[in-house]
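The values are calculated or read from the model by the stated rules, or taken from the named source; none is laboratory data. Here the structure is a predicted model, which means the values were calculated and not measured. Because the Cβ atoms are built from the backbone with ideal geometry, glycine has one as well, and the counts that use them run over all protein chains shown.
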């Protein structure tokens with residue numbers, strides 16, 4: 001199945017066109033730092049992507065939103081045009097279904113969000129400058145990635161920030177999304193029912209459940225938990241829905257990387273260190289050479305063991321098919337992937353293509 005196109009140039013009608021013709025959203029994050037590694041937006045397959053999140057824009061202490069890397073975003077030669085954003089604007093002309101959203105925040109902005117969201121003037125500045133950047137760049141909206149509101153006061157301010165954005169970026173013309181972790185420990189601080197009044201999608205980061213910071217190895221993106229104290233994609237979805245958040249506004253996150261635990265052979269074990277880059281291997285480098293890929297069908301997670309990675313936990317085409325089936329069963333909005341350039345080039349191995357096909361198969 002491919003997207004139908006429309007010659008309309010207005011944001012509102014473009015939104016209507018893409019959403020009415022494609023039942024599920026298949027969204028991909030593109031981090032601007034990848035441009036320095038030779039990865040470009042044009043290398044992704046837009047026959048199976050309808051949203052690209054361009055990451056990240058930064059925030060100044062007074063709430064102003066600005067491009068985090070002017071060279072990579074607007075000036076570097078990328079796909080025959082200037083900058084990653086220039087490339088995506090060119091791709092939008094070729095693929096009228098495509099919507100490009102500026103993701104604001106990420107890890108580097110986690111210290112700034114609390115003070116900006118707590119101040120009425122700074123919130124207004126955030127909303128005005130975000131709209132200015134979106135309008136100037138020809139984008140379709142913004143994504144807020146605040147990692148993470150960590151108490152009830154910050155949860156309240158998070159809601160106030162969304163409200164301020166919607167004043168300046170009305171739903172009829174702009175997409176507004178937010179990325180949040182699947183952990184109840186964070187979600188409990190946010191009024192999720194009211195959040196749904198403001199945002200088009202909640203990108204549920206259903207990964208990083210285990211890593212170098214945890215005491216034992218574990219599946220980092222499991223769909224189902226094997227014990228009550230573990231977080232999983234399904235538990236995150238269940239909590240959102242139990243709090244009155246509409247399922248069709250949830251996008252389930254798929255990591256395009258694996259997490260490594262050296263000296264471990266499976267989940268729930270003690271480990272010593274981690275392989276790869278900061279404990280991760282990109283999906284297109286998995287399974288590790290000389291290892292066998294297997295799928296844990298109870299937790300819905302792929303893994304390989306041995307070589308330079310020890311126990312490596314990740315998603316593969318089989319687990320993505322099962323996660324897509326879960327999305328359909330629970331009436332979710334679709335899937336998103338972090339991040340696009342790490343996907344496999346081969347269509348049968350590509351998680352983005354597999355997810356799209358599985359979402360739209362009968």
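Just give me the residues in the stretch 24-39 being touching a helix residue (DSSP H, G or I) at 6+ places or on another chain (Cβ under 7 Å) and assigned to a strand (DSSP E or B), in sequence order.
26, 28, 29, 30
Could you please find all residues in the stretch 110-135 being under 18 Å from residue 150 (Cβ atoms) and surrounded by fewer than 21 Cβ atoms within 10 Å (Cβ to Cβ)?
Matches in the stretch 110-135: 110, 111, 112, 114, 115, 118, 119.
Within the stretch 197-204, can one find any residue that is without any contact (Cβ under 8 Å) to a residue 24 or more places away in the chain and over 30 Å from residue 258 (Cβ atoms)?
Yes.
Quickly run through the stretch 89-110 and pick out the residues that are over 17 Å from the mean Cα position of the chain (by Cα) and part of a helix (DSSP H, G or I).
89, 90, 91, 92, 93, 94
What's the total number of residues in the stretch 111-153 that are within 21 Å of residue 179 (Cα to Cα) and part of a loop (DSSP other than H, G, I, E, B)?
Final tally of qualifying residues: 11.
What's the total number of residues in the stretch 243-265 that are surrounded by 14 or more Cβ atoms within 10 Å (Cβ to Cβ) and at positive phi?
Qualifying residue count, the stretch 243-265: 0.
Just one of 59, 35 is within 22 Å of the chain's Cα centre (by Cα) and under 29 Å from residue 348 (Cα atoms); which is it?
Among 59, 35, only 35 is within 22 Å of the chain's Cα centre (by Cα) and under 29 Å from residue 348 (Cα atoms).
Applying the selection to the stretch 59-72, what residues are touching a helix residue (DSSP H, G or I) at 6+ places or on another chain (Cβ under 6 Å) and surrounded by fewer than 22 Cβ atoms within 10 Å (Cβ to Cβ)?
The answer is 62, 64, 67, 69, 72.
Conditions: (1) under 21 Å from residue 104 (Cα atoms); (2) in contact (Cβ under 8 Å) with a residue 60 or more places away in the chain; (3) surrounded by fewer than 18 Cβ atoms within 10 Å (Cβ to Cβ). Residue 226 meets all but one. Number of the miss?
Failing condition for residue 226: (1).
What number of residues within the stretch 197-213 are in a loop (DSSP other than H, G, I, E, B) and out of contact with any helix residue (DSSP H, G or I) (no Cβ under 6 Å at 6 or more places or on another chain)?
Looking only at that region, the number is 9.
Just for the stretch 73-109: of the residues that are under 23 Å from residue 179 (Cα atoms) and out of contact with any strand residue (DSSP E or B) (no Cβ under 8 Å at 6 or more places or on another chain), which one is surrounded by the fewest Cβ atoms within 10 Å (Cβ to Cβ)?
Filtering the stretch 73-109 for residues that are under 23 Å from residue 179 (Cα atoms) and out of contact with any strand residue (DSSP E or B) (no Cβ under 8 Å at 6 or more places or on another chain), the one surrounded by the fewest Cβ atoms within 10 Å (Cβ to Cβ) comes out as 107.
What do you reckon, is residue 121 in contact with a helix residue (DSSP H, G or I) (Cβ under 7 Å, 6 or more places away or on another chain), closer than 25 Å to residue 171 by Cα and modelled with pLDDT of 95 or more?
Against the criterion (in contact with a helix residue (DSSP H, G or I) (Cβ under 7 Å, 6 or more places away or on another chain), closer than 25 Å to residue 171 by Cα and modelled with pLDDT of 95 or more), residue 121 does not qualify.
Of all strands (runs of 3 or more DSSP E) completely enclosed by the stretch 242-355, which ones contain at least 3 residues that are in contact with a helix residue (DSSP H, G or I) (Cβ under 8 Å, 6 or more places away or on another chain) and either without any contact (Cβ under 8 Å) to a residue 40 or more places away in the chain or within 23 Å of residue 27 (Cβ to Cβ) (or both)?
250-255, 334-338
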